[in-house]
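Data first, discussion second: the structure below is written as C-alpha coordinates.
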Amino acid sequence: MQNSLSYITDSLSLIKPEIAVSVAIVLLAAFDLIFRNKKALPFIGIAGLLAAAFFVTGQFGMNNSASSPDGSAGLMSIDSFGAFFKMIVLLASVFVIFFSISSDEIKKVFERHGEYYTLIFGMILGMFFMISSADLILVYLSLELVSLSSYVLAGFTKQSLRNSEASLKYVIYGSVSSGIMLFGISIIFGMTGTTNLYEINSALESQSIEGLTFVLSSLLIFAGIGYKISAAPFHFWTPDVYEGAPITITAYLSIASKAAGFALLIRFIKIIFVYNIDSTGYWQLINVIDWKSFLILISILTMTLGNFAAIWQNNVKRLLAYSSIAHAGYILLGLVVMSEQGLVAILIYFAVYAFMNLGAFFIVMLIANKIGSEELDDYNGLGYSAPLLGVSLTIFLISLTGIPPTAGFIGKLYLFLALIDAEMVTVAVIALLNTVVSLYYYIRILKHMYLVKTESKVAGFSVSPFNAVVLVILLIPILLFGIYFTPLVDFAKSSIGMLGF
(Lines give C-alpha, C1' and ligand atoms only; values in the text may rest on other atoms or scores of the structure.)
Protein backbone atom coordinates (compact mmCIF):
# COMPACT_ATOMS: atom_id res chain seq x y z
CA MET A 1 0.00 0.00 0.00
CA GLN A 2 2.79 2.39 0.94
CA ASN A 3 4.62 1.57 -2.29
CA SER A 4 1.49 2.32 -4.30
CA LEU A 5 1.00 5.67 -2.58
CA SER A 6 4.65 6.52 -3.14
CA TYR A 7 4.28 5.57 -6.81
CA ILE A 8 1.20 7.79 -7.20
CA THR A 9 2.94 10.73 -5.49
CA ASP A 10 6.05 10.38 -7.62
CA SER A 11 4.02 10.08 -10.80
CA LEU A 12 1.89 13.14 -10.02
CA SER A 13 5.02 15.19 -9.35
CA LEU A 14 6.14 14.47 -12.92
CA ILE A 15 2.95 15.76 -14.54
CA LYS A 16 2.58 19.08 -12.76
CA PRO A 17 2.26 21.02 -16.07
CA GLU A 18 -0.56 18.72 -17.18
CA ILE A 19 -2.26 19.13 -13.80
CA ALA A 20 -2.00 22.92 -14.10
CA VAL A 21 -3.63 22.80 -17.53
CA SER A 22 -6.37 20.50 -16.21
CA VAL A 23 -7.09 22.90 -13.34
CA ALA A 24 -7.29 25.76 -15.85
CA ILE A 25 -9.85 23.77 -17.89
CA VAL A 26 -12.01 23.30 -14.79
CA LEU A 27 -11.73 26.98 -13.84
CA LEU A 28 -12.60 28.15 -17.36
CA ALA A 29 -15.63 25.87 -17.54
CA ALA A 30 -16.81 26.80 -14.03
CA PHE A 31 -16.38 30.55 -14.60
CA ASP A 32 -18.26 30.32 -17.87
CA LEU A 33 -21.17 28.52 -16.18
CA ILE A 34 -21.37 30.77 -13.12
CA PHE A 35 -20.68 34.26 -14.46
CA ARG A 36 -22.08 36.08 -17.46
CA ASN A 37 -19.09 38.37 -17.89
CA LYS A 38 -16.78 36.42 -20.16
CA LYS A 39 -14.12 39.12 -20.54
CA ALA A 40 -12.11 37.53 -17.75
CA LEU A 41 -11.77 34.18 -19.56
CA PRO A 42 -8.63 35.12 -21.55
CA PHE A 43 -6.90 36.28 -18.36
CA ILE A 44 -7.79 33.04 -16.58
CA GLY A 45 -6.30 31.25 -19.55
CA ILE A 46 -3.10 33.32 -19.42
CA ALA A 47 -2.78 32.60 -15.70
CA GLY A 48 -3.15 28.88 -16.38
CA LEU A 49 -0.48 29.02 -19.07
CA LEU A 50 1.93 30.87 -16.80
CA ALA A 51 1.42 28.27 -14.08
CA ALA A 52 2.05 25.47 -16.57
CA ALA A 53 5.15 27.28 -17.87
CA PHE A 54 6.49 27.54 -14.31
CA PHE A 55 6.25 23.76 -13.87
CA VAL A 56 7.64 23.06 -17.35
CA THR A 57 10.79 25.06 -16.57
CA GLY A 58 11.39 22.64 -13.70
CA GLN A 59 11.53 19.75 -16.19
CA PHE A 60 14.61 21.04 -17.98
CA GLY A 61 17.50 18.82 -16.98
CA MET A 62 15.23 15.97 -15.93
CA ASN A 63 15.29 12.45 -17.39
CA ASN A 64 12.55 10.55 -15.62
CA SER A 65 10.05 7.90 -16.62
CA ALA A 66 7.49 7.01 -13.99
CA SER A 67 7.73 3.23 -13.71
CA SER A 68 4.86 1.09 -12.48
CA PRO A 69 4.97 -0.55 -9.03
CA ASP A 70 5.80 -3.87 -10.74
CA GLY A 71 8.90 -2.30 -12.30
CA SER A 72 7.59 -2.07 -15.86
CA ALA A 73 8.23 1.05 -17.91
CA GLY A 74 5.87 3.97 -17.51
CA LEU A 75 3.60 5.77 -19.95
CA MET A 76 5.56 9.04 -20.11
CA SER A 77 9.11 10.29 -20.39
CA ILE A 78 9.84 13.60 -18.71
CA ASP A 79 12.96 15.24 -20.11
CA SER A 80 14.43 18.48 -21.44
CA PHE A 81 13.46 17.56 -25.00
CA GLY A 82 9.78 17.37 -24.04
CA ALA A 83 10.05 20.54 -21.94
CA PHE A 84 11.39 22.45 -24.97
CA PHE A 85 8.41 21.50 -27.12
CA LYS A 86 5.98 22.18 -24.28
CA MET A 87 7.39 25.70 -24.07
CA ILE A 88 6.76 26.09 -27.83
CA VAL A 89 3.15 25.00 -27.29
CA LEU A 90 2.73 27.40 -24.36
CA LEU A 91 4.29 30.24 -26.32
CA ALA A 92 1.93 29.67 -29.23
CA SER A 93 -1.02 29.38 -26.83
CA VAL A 94 -0.27 32.72 -25.16
CA PHE A 95 -0.10 34.50 -28.51
CA VAL A 96 -3.24 32.81 -29.80
CA ILE A 97 -5.13 34.06 -26.75
CA PHE A 98 -3.80 37.57 -27.50
CA PHE A 99 -4.90 37.14 -31.11
CA SER A 100 -8.34 36.00 -29.98
CA ILE A 101 -8.83 39.14 -27.91
CA SER A 102 -8.44 41.22 -31.10
CA SER A 103 -10.08 38.86 -33.59
CA ASP A 104 -13.41 40.02 -35.05
CA GLU A 105 -14.23 36.40 -35.91
CA ILE A 106 -13.97 35.37 -32.26
CA LYS A 107 -15.74 38.50 -30.99
CA LYS A 108 -18.81 37.56 -33.04
CA VAL A 109 -19.25 34.41 -30.94
CA PHE A 110 -18.80 36.15 -27.60
CA GLU A 111 -21.47 34.00 -25.92
CA ARG A 112 -19.44 30.86 -26.66
CA HIS A 113 -16.08 32.13 -25.43
CA GLY A 114 -16.17 29.69 -22.53
CA GLU A 115 -16.29 26.72 -24.88
CA TYR A 116 -13.65 28.33 -27.13
CA TYR A 117 -11.00 28.73 -24.43
CA THR A 118 -11.86 25.41 -22.79
CA LEU A 119 -11.32 23.61 -26.11
CA ILE A 120 -7.98 25.37 -26.62
CA PHE A 121 -6.84 24.13 -23.22
CA GLY A 122 -8.13 20.67 -24.11
CA MET A 123 -5.76 20.79 -27.08
CA ILE A 124 -2.91 21.95 -24.85
CA LEU A 125 -3.47 19.04 -22.46
CA GLY A 126 -3.50 16.56 -25.32
CA MET A 127 -0.36 18.07 -26.86
CA PHE A 128 1.49 17.91 -23.54
CA PHE A 129 0.76 14.20 -23.29
CA MET A 130 1.69 13.69 -26.97
CA ILE A 131 5.06 15.31 -26.41
CA SER A 132 5.91 13.11 -23.41
CA SER A 133 4.25 9.86 -24.51
CA ALA A 134 6.35 6.72 -24.16
CA ASP A 135 3.50 4.29 -24.77
CA LEU A 136 1.44 3.79 -27.93
CA ILE A 137 -1.85 3.72 -26.01
CA LEU A 138 -1.13 7.15 -24.52
CA VAL A 139 0.04 8.31 -27.96
CA TYR A 140 -3.33 7.42 -29.44
CA LEU A 141 -5.40 8.84 -26.56
CA SER A 142 -3.50 12.12 -26.48
CA LEU A 143 -3.66 12.48 -30.26
CA GLU A 144 -7.43 11.93 -30.14
CA LEU A 145 -7.81 14.54 -27.39
CA VAL A 146 -6.00 17.06 -29.58
CA SER A 147 -8.00 16.05 -32.64
CA LEU A 148 -11.46 16.18 -31.07
CA SER A 149 -10.82 19.64 -29.67
CA SER A 150 -9.39 20.95 -32.93
CA TYR A 151 -12.28 19.53 -34.99
CA VAL A 152 -14.70 21.74 -33.08
CA LEU A 153 -12.41 24.78 -33.09
CA ALA A 154 -11.90 24.57 -36.87
CA GLY A 155 -15.62 25.16 -37.40
CA PHE A 156 -16.25 27.14 -34.25
CA THR A 157 -17.47 30.48 -35.59
CA LYS A 158 -19.99 29.08 -38.12
CA GLN A 159 -19.75 32.38 -40.01
CA SER A 160 -19.57 30.88 -43.48
CA LEU A 161 -19.98 27.67 -45.44
CA ARG A 162 -16.21 27.33 -45.74
CA ASN A 163 -15.96 27.29 -41.95
CA SER A 164 -18.32 24.32 -41.67
CA GLU A 165 -16.63 22.69 -44.64
CA ALA A 166 -13.25 23.00 -42.95
CA SER A 167 -14.52 21.31 -39.80
CA LEU A 168 -16.20 18.48 -41.73
CA LYS A 169 -13.13 17.76 -43.86
CA TYR A 170 -10.96 17.86 -40.76
CA VAL A 171 -13.18 15.28 -39.03
CA ILE A 172 -13.21 12.96 -42.05
CA TYR A 173 -9.47 13.05 -42.68
CA GLY A 174 -8.70 12.90 -38.96
CA SER A 175 -10.95 9.88 -38.38
CA VAL A 176 -9.33 7.96 -41.22
CA SER A 177 -5.79 8.75 -40.03
CA SER A 178 -6.66 7.80 -36.44
CA GLY A 179 -8.13 4.49 -37.57
CA ILE A 180 -5.05 3.71 -39.66
CA MET A 181 -2.78 4.55 -36.73
CA LEU A 182 -4.78 2.40 -34.30
CA PHE A 183 -4.57 -0.54 -36.70
CA GLY A 184 -0.79 -0.18 -36.79
CA ILE A 185 -0.64 -0.03 -32.98
CA SER A 186 -2.71 -3.23 -32.71
CA ILE A 187 -0.33 -5.08 -35.04
CA ILE A 188 2.75 -4.00 -33.06
CA PHE A 189 1.07 -5.07 -29.81
CA GLY A 190 0.25 -8.44 -31.33
CA MET A 191 3.87 -8.95 -32.42
CA THR A 192 5.68 -7.70 -29.31
CA GLY A 193 3.12 -8.09 -26.52
CA THR A 194 3.61 -4.51 -25.37
CA THR A 195 2.77 -0.95 -26.35
CA ASN A 196 5.60 0.70 -24.42
CA LEU A 197 8.19 2.28 -26.72
CA TYR A 198 11.18 1.21 -24.61
CA GLU A 199 9.92 -2.37 -24.34
CA ILE A 200 9.28 -2.51 -28.09
CA ASN A 201 12.90 -1.42 -28.60
CA SER A 202 14.08 -4.24 -26.34
CA ALA A 203 11.86 -6.73 -28.19
CA LEU A 204 13.32 -5.64 -31.54
CA GLU A 205 16.87 -6.15 -30.26
CA SER A 206 16.29 -9.49 -28.57
CA GLN A 207 13.57 -11.23 -30.62
CA SER A 208 13.18 -12.41 -34.18
CA ILE A 209 10.27 -10.29 -35.42
CA GLU A 210 8.71 -10.55 -38.86
CA GLY A 211 10.28 -7.60 -40.66
CA LEU A 212 7.66 -6.91 -43.34
CA THR A 213 4.76 -6.92 -40.89
CA PHE A 214 6.59 -4.67 -38.46
CA VAL A 215 7.49 -2.27 -41.28
CA LEU A 216 3.84 -2.12 -42.35
CA SER A 217 2.60 -1.43 -38.81
CA SER A 218 5.25 1.26 -38.26
CA LEU A 219 4.29 3.00 -41.50
CA LEU A 220 0.63 2.93 -40.46
CA ILE A 221 1.56 4.70 -37.23
CA PHE A 222 3.67 7.16 -39.22
CA ALA A 223 0.59 7.92 -41.33
CA GLY A 224 -1.27 9.04 -38.19
CA ILE A 225 1.64 11.22 -37.06
CA GLY A 226 2.28 12.48 -40.60
CA TYR A 227 -1.30 13.72 -40.70
CA LYS A 228 -0.62 15.87 -37.64
CA ILE A 229 2.55 17.43 -39.05
CA SER A 230 1.03 17.96 -42.54
CA ALA A 231 3.62 15.79 -44.26
CA ALA A 232 2.82 14.75 -47.82
CA PRO A 233 0.93 12.64 -48.80
CA PHE A 234 -1.02 13.10 -45.56
CA HIS A 235 -1.41 16.85 -46.03
CA PHE A 236 -4.71 17.00 -47.98
CA TRP A 237 -6.68 18.43 -45.08
CA THR A 238 -4.30 21.32 -44.44
CA PRO A 239 -5.16 23.90 -47.17
CA ASP A 240 -8.93 23.60 -46.78
CA VAL A 241 -8.90 23.58 -42.98
CA TYR A 242 -6.40 26.44 -42.72
CA GLU A 243 -8.42 28.54 -45.16
CA GLY A 244 -11.80 27.81 -43.58
CA ALA A 245 -10.94 27.87 -39.87
CA PRO A 246 -10.80 31.10 -37.84
CA ILE A 247 -7.39 32.74 -38.36
CA THR A 248 -6.53 32.33 -34.67
CA ILE A 249 -7.04 28.55 -34.90
CA THR A 250 -5.20 28.37 -38.22
CA ALA A 251 -2.19 30.03 -36.60
CA TYR A 252 -2.46 27.68 -33.63
CA LEU A 253 -2.61 24.52 -35.73
CA SER A 254 0.37 25.66 -37.80
CA ILE A 255 2.60 25.93 -34.71
CA ALA A 256 1.40 24.08 -31.61
CA SER A 257 -0.16 21.02 -33.21
CA LYS A 258 2.78 20.66 -35.60
CA ALA A 259 5.28 20.97 -32.73
CA ALA A 260 3.55 18.23 -30.73
CA GLY A 261 3.42 16.01 -33.81
CA PHE A 262 7.13 16.41 -34.52
CA ALA A 263 8.05 15.77 -30.88
CA LEU A 264 6.01 12.57 -31.02
CA LEU A 265 7.57 11.45 -34.31
CA ILE A 266 11.12 12.07 -33.07
CA ARG A 267 10.47 10.21 -29.82
CA PHE A 268 8.79 7.32 -31.68
CA ILE A 269 11.74 6.79 -34.05
CA LYS A 270 14.55 7.42 -31.60
CA ILE A 271 13.25 5.30 -28.73
CA ILE A 272 12.06 2.30 -30.77
CA PHE A 273 14.61 2.07 -33.57
CA VAL A 274 17.89 3.47 -32.17
CA TYR A 275 20.10 1.10 -30.21
CA ASN A 276 23.17 3.33 -29.84
CA ILE A 277 24.61 6.79 -30.53
CA ASP A 278 28.20 6.85 -31.75
CA SER A 279 30.90 9.25 -30.61
CA THR A 280 30.08 11.72 -33.40
CA GLY A 281 26.41 11.95 -32.38
CA TYR A 282 24.97 9.84 -35.21
CA TRP A 283 22.25 7.30 -34.42
CA GLN A 284 22.78 3.58 -34.94
CA LEU A 285 19.41 2.17 -36.02
CA ILE A 286 18.09 -1.37 -35.68
CA ASN A 287 18.03 -2.84 -39.18
CA VAL A 288 14.26 -3.07 -39.58
CA ILE A 289 13.22 0.02 -41.55
CA ASP A 290 15.38 2.27 -43.71
CA TRP A 291 14.05 5.41 -42.03
CA LYS A 292 16.65 7.64 -43.63
CA SER A 293 15.64 6.86 -47.22
CA PHE A 294 11.94 6.92 -46.36
CA LEU A 295 12.15 10.29 -44.60
CA ILE A 296 14.25 11.78 -47.41
CA LEU A 297 11.47 10.85 -49.83
CA ILE A 298 8.73 12.25 -47.57
CA SER A 299 10.69 15.44 -46.86
CA ILE A 300 11.43 16.22 -50.51
CA LEU A 301 7.85 15.42 -51.52
CA THR A 302 6.45 17.60 -48.74
CA MET A 303 8.57 20.69 -49.34
CA THR A 304 8.28 20.48 -53.12
CA LEU A 305 4.53 19.99 -53.16
CA GLY A 306 3.99 22.72 -50.57
CA ASN A 307 6.14 25.28 -52.37
CA PHE A 308 4.88 24.66 -55.89
CA ALA A 309 1.22 24.54 -54.82
CA ALA A 310 1.65 27.87 -52.97
CA ILE A 311 2.72 29.60 -56.20
CA TRP A 312 -0.82 29.46 -57.60
CA GLN A 313 -2.70 30.62 -54.52
CA ASN A 314 -4.54 33.97 -54.44
CA ASN A 315 -5.85 33.60 -50.88
CA VAL A 316 -3.18 34.57 -48.35
CA LYS A 317 -4.36 32.09 -45.71
CA ARG A 318 -4.30 29.25 -48.21
CA LEU A 319 -0.88 30.39 -49.43
CA LEU A 320 0.44 30.29 -45.87
CA ALA A 321 -1.15 26.85 -45.46
CA TYR A 322 0.94 25.47 -48.33
CA SER A 323 3.91 27.37 -46.92
CA SER A 324 3.34 25.54 -43.62
CA ILE A 325 3.41 22.22 -45.48
CA ALA A 326 6.72 23.19 -47.10
CA HIS A 327 8.20 24.11 -43.72
CA ALA A 328 7.19 20.68 -42.39
CA GLY A 329 9.36 19.28 -45.16
CA TYR A 330 12.29 21.48 -44.14
CA ILE A 331 11.95 20.42 -40.50
CA LEU A 332 11.91 16.74 -41.51
CA LEU A 333 15.39 17.30 -42.96
CA GLY A 334 16.72 17.56 -39.41
CA LEU A 335 15.32 14.12 -38.63
CA VAL A 336 16.63 12.69 -41.92
CA VAL A 337 20.19 13.27 -40.69
CA MET A 338 19.57 10.89 -37.78
CA SER A 339 21.97 12.68 -35.46
CA GLU A 340 22.08 14.90 -32.41
CA GLN A 341 23.08 17.82 -34.65
CA GLY A 342 19.95 17.25 -36.71
CA LEU A 343 17.82 17.40 -33.56
CA VAL A 344 19.45 20.66 -32.53
CA ALA A 345 18.62 22.07 -35.98
CA ILE A 346 14.97 21.02 -35.56
CA LEU A 347 14.68 22.72 -32.18
CA ILE A 348 16.29 25.93 -33.46
CA TYR A 349 14.03 25.93 -36.51
CA PHE A 350 10.89 25.44 -34.45
CA ALA A 351 11.79 28.23 -32.05
CA VAL A 352 12.14 30.81 -34.84
CA TYR A 353 9.35 29.33 -36.98
CA ALA A 354 6.89 29.89 -34.14
CA PHE A 355 7.52 33.63 -34.08
CA MET A 356 7.61 34.25 -37.82
CA ASN A 357 4.54 32.16 -38.68
CA LEU A 358 2.49 33.52 -35.80
CA GLY A 359 3.49 37.03 -36.86
CA ALA A 360 2.41 36.45 -40.46
CA PHE A 361 -0.98 35.08 -39.43
CA PHE A 362 -1.45 37.90 -36.91
CA ILE A 363 -1.06 40.52 -39.63
CA VAL A 364 -3.41 38.59 -41.92
CA MET A 365 -5.95 38.62 -39.07
CA LEU A 366 -5.60 42.37 -38.48
CA ILE A 367 -6.07 43.08 -42.19
CA ALA A 368 -9.08 40.74 -42.36
CA ASN A 369 -10.58 42.58 -39.37
CA LYS A 370 -10.43 45.80 -41.38
CA ILE A 371 -11.37 44.74 -44.93
CA GLY A 372 -13.07 41.38 -44.36
CA SER A 373 -10.90 39.70 -46.98
CA GLU A 374 -7.83 37.48 -47.21
CA GLU A 375 -7.50 37.73 -51.00
CA LEU A 376 -4.12 38.76 -52.34
CA ASP A 377 -5.57 41.41 -54.67
CA ASP A 378 -6.98 43.24 -51.64
CA TYR A 379 -3.44 43.72 -50.31
CA ASN A 380 -2.69 46.18 -53.12
CA GLY A 381 -1.04 49.31 -51.73
CA LEU A 382 -1.05 48.03 -48.16
CA GLY A 383 2.62 48.87 -47.66
CA TYR A 384 1.88 52.59 -48.06
CA SER A 385 -1.54 52.86 -46.39
CA ALA A 386 -0.59 50.75 -43.33
CA PRO A 387 3.22 51.02 -43.08
CA LEU A 388 3.57 49.23 -39.73
CA LEU A 389 1.73 46.17 -41.00
CA GLY A 390 3.48 46.31 -44.36
CA VAL A 391 6.99 46.48 -42.93
CA SER A 392 6.23 43.86 -40.27
CA LEU A 393 4.77 41.42 -42.80
CA THR A 394 7.80 41.99 -45.04
CA ILE A 395 10.14 41.02 -42.18
CA PHE A 396 8.12 37.91 -41.35
CA LEU A 397 8.03 36.81 -45.00
CA ILE A 398 11.76 37.41 -45.44
CA SER A 399 12.35 35.30 -42.34
CA LEU A 400 10.07 32.54 -43.64
CA THR A 401 12.12 32.53 -46.83
CA GLY A 402 15.33 32.21 -44.82
CA ILE A 403 17.11 35.39 -45.86
CA PRO A 404 19.65 37.05 -43.50
CA PRO A 405 19.78 38.87 -41.16
CA THR A 406 16.53 37.35 -39.89
CA ALA A 407 16.18 34.37 -37.55
CA GLY A 408 14.70 32.29 -40.36
CA PHE A 409 18.14 32.26 -41.98
CA ILE A 410 19.67 30.80 -38.81
CA GLY A 411 17.04 28.06 -38.70
CA LYS A 412 17.72 26.99 -42.28
CA LEU A 413 21.49 27.44 -41.87
CA TYR A 414 21.66 24.84 -39.10
CA LEU A 415 19.51 22.43 -41.11
CA PHE A 416 21.82 22.75 -44.12
CA LEU A 417 24.92 22.41 -41.95
CA ALA A 418 23.53 19.18 -40.47
CA LEU A 419 22.87 17.84 -43.98
CA ILE A 420 26.32 18.77 -45.25
CA ASP A 421 28.05 17.24 -42.21
CA ALA A 422 26.12 14.03 -42.93
CA GLU A 423 27.37 14.21 -46.54
CA MET A 424 23.82 14.62 -47.88
CA VAL A 425 24.74 17.41 -50.28
CA THR A 426 22.16 16.43 -52.92
CA VAL A 427 19.33 16.70 -50.40
CA ALA A 428 20.68 20.06 -49.24
CA VAL A 429 20.73 21.34 -52.85
CA ILE A 430 17.11 20.21 -53.36
CA ALA A 431 16.11 22.03 -50.16
CA LEU A 432 17.98 25.13 -51.31
CA LEU A 433 16.17 25.09 -54.67
CA ASN A 434 12.88 24.78 -52.81
CA THR A 435 13.81 27.85 -50.81
CA VAL A 436 14.28 29.75 -54.08
CA VAL A 437 10.78 28.67 -55.15
CA SER A 438 9.33 29.87 -51.85
CA LEU A 439 10.94 33.27 -52.42
CA TYR A 440 8.74 33.70 -55.51
CA TYR A 441 5.37 33.38 -53.78
CA TYR A 442 6.44 35.39 -50.74
CA ILE A 443 7.57 38.17 -53.10
CA ARG A 444 4.13 38.05 -54.74
CA ILE A 445 2.67 39.34 -51.49
CA LEU A 446 5.29 42.09 -51.27
CA LYS A 447 4.62 43.02 -54.90
CA HIS A 448 0.92 43.55 -54.17
CA MET A 449 1.74 45.59 -51.07
CA TYR A 450 4.30 47.91 -52.64
CA LEU A 451 4.32 47.75 -56.43
CA VAL A 452 0.69 47.52 -57.53
CA LYS A 453 -0.67 51.03 -57.95
CA THR A 454 -4.18 51.08 -56.58
CA GLU A 455 -6.14 52.57 -53.73
CA SER A 456 -5.90 50.28 -50.76
CA LYS A 457 -8.97 49.22 -48.83
CA VAL A 458 -7.10 49.81 -45.60
CA ALA A 459 -6.47 53.52 -46.13
CA GLY A 460 -6.13 55.29 -42.81
CA PHE A 461 -5.88 52.00 -40.94
CA SER A 462 -4.14 52.34 -37.58
CA VAL A 463 -3.07 49.53 -35.25
CA SER A 464 -4.25 49.64 -31.64
CA PRO A 465 -1.55 49.97 -28.94
CA PHE A 466 -2.27 46.44 -27.69
CA ASN A 467 -1.88 44.91 -31.16
CA ALA A 468 1.22 47.02 -31.82
CA VAL A 469 2.85 45.67 -28.64
CA VAL A 470 2.01 42.07 -29.61
CA LEU A 471 3.46 42.71 -33.07
CA VAL A 472 6.68 44.15 -31.68
CA ILE A 473 7.05 41.21 -29.29
CA LEU A 474 6.83 38.86 -32.29
CA LEU A 475 9.29 40.95 -34.32
CA ILE A 476 12.04 41.27 -31.71
CA PRO A 477 13.12 37.57 -31.69
CA ILE A 478 13.12 37.50 -35.50
CA LEU A 479 15.60 40.38 -35.63
CA LEU A 480 17.54 39.55 -32.47
CA PHE A 481 18.17 35.86 -33.18
CA GLY A 482 19.13 36.73 -36.74
CA ILE A 483 22.16 38.58 -35.35
CA TYR A 484 22.82 37.05 -31.93
CA PHE A 485 21.72 33.41 -31.91
CA THR A 486 24.24 31.76 -29.57
CA PRO A 487 21.83 31.55 -26.58
CA LEU A 488 19.19 29.86 -28.73
CA VAL A 489 21.71 27.33 -30.07
CA ASP A 490 23.03 26.56 -26.58
CA PHE A 491 19.47 26.16 -25.28
CA ALA A 492 18.63 23.73 -28.09
CA LYS A 493 21.80 21.70 -27.48
CA SER A 494 21.07 21.40 -23.77
CA SER A 495 17.53 20.19 -24.51
CA ILE A 496 18.31 17.08 -26.56
CA GLY A 497 20.96 15.38 -24.45
CA MET A 498 18.94 12.71 -22.70
CA LEU A 499 16.12 11.95 -25.14
CA GLY A 500 15.39 8.26 -25.24
CA PHE A 501 18.40 7.19 -23.19
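Annotations
- Residue that is nearest to Tyr117 (Cα to Cα), among those in the stretch 7-59 that are modelled with pLDDT under 90 and among the aromatic types (Phe, Trp, Tyr): Phe35
- Evaluation of Ser230 against (1) at negative phi; (2) in contact with a helix residue (DSSP H, G or I) (Cβ under 7 Å, 6 or more places away or on another chain) (one fails), failing number: (1)
- The set of residues in the stretch 60-85 being closer than 18 Å to Gly126 by Cα and modelled with pLDDT of 85 or more consists of Met76, Ser77, Ile78, Asp79, Phe81, Gly82, Ala83, Phe84, Phe85.
- Restricted to the stretch 68-140, the set of helices (runs of 4 or more DSSP H) holding at least 1 residues that are touching a Leu at 6+ places or on another chain (Cβ under 7 Å) and of a type outside the set (Phe, Trp, Tyr) comprises 80-102, 113-132.
- Residues in the stretch 9-52 that are of a type in the set (Val, Ile, Thr) and outside any helix (DSSP H, G or I): 1 in all.
- The set of residues in the stretch 162-180 that are of a type in the set (A, V, I, L, M) and either touching a Gly at 6+ places or on another chain (Cβ under 8 Å) or buried (at least 18 other Cβ atoms within 10 Å of the Cβ) (or both) comprises Ala166, Leu168, Val171, Ile180.
- Hey, Leu319 within 19 Å of the chain's Cα centre (by Cα), surrounded by 24 or more Cβ atoms within 10 Å (Cβ to Cβ), more than 27 Å from Ile286 (Cβ to Cβ) and not acidic (Asp, Glu) or not: yes
- For Arg318: the one exception among (1) within 22 Å of Phe95 (Cα to Cα); (2) in contact (Cβ under 8 Å) with a residue 60 or more places away in the chain; (3) in contact with a Leu (Cβ under 9 Å, 6 or more places away or on another chain): (3)
- The residues listed here are Phe183, Phe98, Phe121, Phe128; of these, the one that is in contact with a helix residue (DSSP H, G or I) (Cβ under 8 Å, 6 or more places away or on another chain), surrounded by fewer than 23 Cβ atoms within 10 Å (Cβ to Cβ) and in contact (Cβ under 8 Å) with a residue 60 or more places away in the chain is Phe98.
- Residues of the stretch 148-171 that are within 19 Å of Ile221 (Cα to Cα) and without any contact (Cβ under 8 Å) to a residue 60 or more places away in the chain: Leu148, Val171.
- For the residues Leu285, Leu332, Leu295, the requirement of being over 30 Å from Tyr116 (Cα atoms), of a type in the set (A, V, I, L, M) and within 16 Å of the chain's Cα centre (by Cα) singles out Leu332.
- Members of the stretch 189-211 found to be among the charged types (D, E, K, R) and closer than 15 Å to Ile137 by Cα, listed by number: Glu199
- Test result for Ser4, in a helix (DSSP H, G or I), at pLDDT below 90, of a type outside the set (Val, Ile, Thr) and surrounded by fewer than 16 Cβ atoms within 10 Å (Cβ to Cβ): yes
- Here Phe355 clears all of (1) in contact with a helix residue (DSSP H, G or I) (Cβ under 6 Å, 6 or more places away or on another chain); (2) farther than 20 Å from Val470 by Cβ except the condition numbered (2).
One line per residue, one yes/no per condition, for (1) out of contact with any strand residue (DSSP E or B) (no Cβ under 9 Å at 6 or more places or on another chain); (2) more than 16 Å from Ala223 (Cα to Cα); (3) at pLDDT 90 or above:
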site	(1), (2), (3)
Ser279	yes, yes, no
Val288	yes, yes, no
Phe294	yes, no, yes
Thr304	yes, yes, yes
Ala310	yes, yes, yes
Lys317	yes, yes, yes
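- Residue, nearest to Leu417 (Cα to Cα), within the stretch 331-360, restricted to residues that are assigned to a helix (DSSP H, G or I) and hydroxyl-bearing (Ser, Thr, Tyr): Tyr349
- Qualifying residues in the stretch 403-429 (those that are among the aromatic types (Phe, Trp, Tyr) and in contact (Cβ under 8 Å) with a residue 24 or more places away in the chain) - the one surrounded by the fewest Cβ atoms within 10 Å (Cβ to Cβ): Phe409
- Some residue of the stretch 409-420 being over 25 Å from Ile296 (Cα atoms) and touching a Ser or Thr at 6+ places or on another chain (Cβ under 9 Å): no
The values are calculated or read from the model by the stated rules, or taken from the named source; none is laboratory data. As the structure is a prediction and not an experimental result, all values here were calculated from the model. Note that each Cβ is placed from the backbone with ideal geometry, even for glycine, and that neighbours are counted across all protein chains shown.
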